[in-house]
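First up is the structure itself, then whatever we jot down about it.
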Amino acid sequence: MLRCASFVCCLLLVTASVSGQTNLFDKQNLADWDFHVAGEGVKVGDVFSFADEGRILRCTGKEPFGYLATKESYKNFTFTVEWRWPSGITPTNSGVFLGITDQPKGSFLPKAFEVQLQHKNAGDLWAFHGRGLTDTPSRIQNVDHAVIGKFSGVKKLLDRENEPGQWNTMDILCNEELIVIVVNGKIVNWTKGAEPVAGRIGLQSEGGPIEFRNATVTPLP
């Protein structure tokens, strides 16, 4: 784990000085994003909208569930985003999708990895619709869900979430088979068994209000 942490720290330092970082909220609109929802008649503005002069992306999280996805695909990169559960509202569920390549018909989940943002589970990593994930057998959890179907994943190793109403920062490093998840400056999960694939990045609407800001992606050198 220490060797992995040192590797991640070095890569994050390198990418911090590399040109090519993209601010995904720079335009303060959703022109560079696609919107998917498992239902009819729902518009992107019904679920996602910018506030605070474009600095914060608000998500209602209401049903039917869905997600935003970048139009561009990425393979080896770091992704950073800040999120919080609005004050006075019970925290619920959301996530960051990685490697979106397909949208199975009838599902609100894409074929992708998901880094969980669900309250108290931020940092769990799941693989949906056959996205490949292998790891130490003792870490892999296989789930057969009544609605979602079969999927697998690895649970976080450390809890680093702040209290509801406070901002959290998530840094995700994807480099071939390696995915490392950092929450508020600490590595909380990682795997060396992820299927290396180029795909889009997504922000999920699932359960209730959540806010995002400062979303950036930086290709690895």
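Identify the residue in segment 135-172 that is among the polar types (S, T, N, Q) and in contact with an Asp or Glu (Cβ under 7 Å, 6 or more places away or on another chain) and, among all such residues, is nearest to Pro86 (Cα to Cα).
The initial filter retains those residues of segment 135-172 that are among the polar types (S, T, N, Q), namely 136, 138, 141-142, 152, 162, 166, 168-169.
This time we only want the ones that are in contact with an Asp or Glu (Cβ under 7 Å, 6 or more places away or on another chain), so: 168-169.
Details: Asn168: 12, Thr169: 15 Å.
The qualifying residue nearest to Pro86 (Cα to Cα) is Asn168.
Could you figure out which of (1) without any contact (Cβ under 8 Å) to a residue 12 or more places away in the chain; (2) in contact with a helix residue (DSSP H, G or I) (Cβ under 6 Å, 6 or more places away or on another chain) isn't true of Ile187?
Single failed check for Ile187: (1).
Residues that are in a strand (DSSP E or B), more than 25 Å from Asp159 (Cβ to Cβ) and modelled with pLDDT under 95: does segment 123-144 have at least one?
Within segment 123-144, the first condition is being in a strand (DSSP E or B), and the residues that meet it are 125-128, 133, 140-144.
Now narrow it down to the ones that are more than 25 Å from Asp159 (Cβ to Cβ): 144.
Now drop any that are not modelled with pLDDT under 95, which leaves 144.
Checked against the condition, which is being in a strand (DSSP E or B), more than 25 Å from Asp159 (Cβ to Cβ) and modelled with pLDDT under 95, segment 123-144 yields at least one hit.
Just one of the numbered conditions (1) within 20 Å of Lys192 (Cα to Cα); (2) in contact (Cβ under 8 Å) with a residue 40 or more places away in the chain is not true of Phe151; which one?
(2)
Tell me which of these Thr169 doesn't satisfy, since it passes every other one: (1) in a strand (DSSP E or B); (2) exposed (fewer than 13 other Cβ atoms within 10 Å of the Cβ); (3) among the hydroxyl-bearing types (Ser, Thr, Tyr).
Going through the list (1) in a strand (DSSP E or B); (2) exposed (fewer than 13 other Cβ atoms within 10 Å of the Cβ); (3) among the hydroxyl-bearing types (Ser, Thr, Tyr), Thr169 breaks only (2).
Determine, yes or no, whether Gln21 is touching a Phe, Trp or Tyr at 6+ places or on another chain (Cβ under 6 Å) and either of a type in the set (Asp, Glu) or at pLDDT below 95 (or both). If you could, list the steps in order and put the result at the bottom.
Values: touching a Phe, Trp or Tyr at 6+ places or on another chain (Cβ under 6 Å): no; either of a type in the set (Asp, Glu) or at pLDDT below 95 (or both): yes.
Judged against the criteria, Gln21 is not a match.
State the number of residues belonging to segment 141-159 that are surrounded by 15 or more Cβ atoms within 10 Å (Cβ to Cβ) and of a type outside the set (A, V, I, L, M).
5
Restricting attention to segment 90-103, does a residue exist that is without any contact (Cβ under 8 Å) to a residue 60 or more places away in the chain and polar (S, T, N, Q)?
Quick first cut of segment 90-103, residues without any contact (Cβ under 8 Å) to a residue 60 or more places away in the chain only: 102.
After this cut, where a residue has to be polar (S, T, N, Q) as well, the list is none.
Taking every residue of segment 90-103 in turn, none turns out to be without any contact (Cβ under 8 Å) to a residue 60 or more places away in the chain and polar (S, T, N, Q).
Is there a residue in segment 78-86 that is within 25 Å of Val180 (Cβ to Cβ), modelled with pLDDT under 95, out of contact with any Pro (no Cβ under 6 Å at 6 or more places or on another chain) and buried (at least 16 other Cβ atoms within 10 Å of the Cβ)?
Of the residues in segment 78-86, the ones within 25 Å of Val180 (Cβ to Cβ) are 78-85.
Now drop any that are not modelled with pLDDT under 95, which leaves none.
Looking for residues that are within 25 Å of Val180 (Cβ to Cβ), modelled with pLDDT under 95, out of contact with any Pro (no Cβ under 6 Å at 6 or more places or on another chain) and buried (at least 16 other Cβ atoms within 10 Å of the Cβ), one finds none in segment 78-86, hence no.
Here are the criteria: (1) under 14 Å from Ala215 (Cβ atoms); (2) at pLDDT 95 or above; (3) touching a Lys or Arg at 6+ places or on another chain (Cβ under 9 Å). Tell me which single one Gly54 does not satisfy.
With (1) under 14 Å from Ala215 (Cβ atoms); (2) at pLDDT 95 or above; (3) touching a Lys or Arg at 6+ places or on another chain (Cβ under 9 Å) applied to Gly54, the lone miss is (2).
The values are calculated or read from the model by the stated rules, or taken from the named source; none is laboratory data. Small disclaimer: the values here were computed from a predicted structure and weren't measured. Don't worry about glycine lacking a Cβ; one is built from the backbone with ideal geometry, like all the others, and counts go over all protein chains shown.
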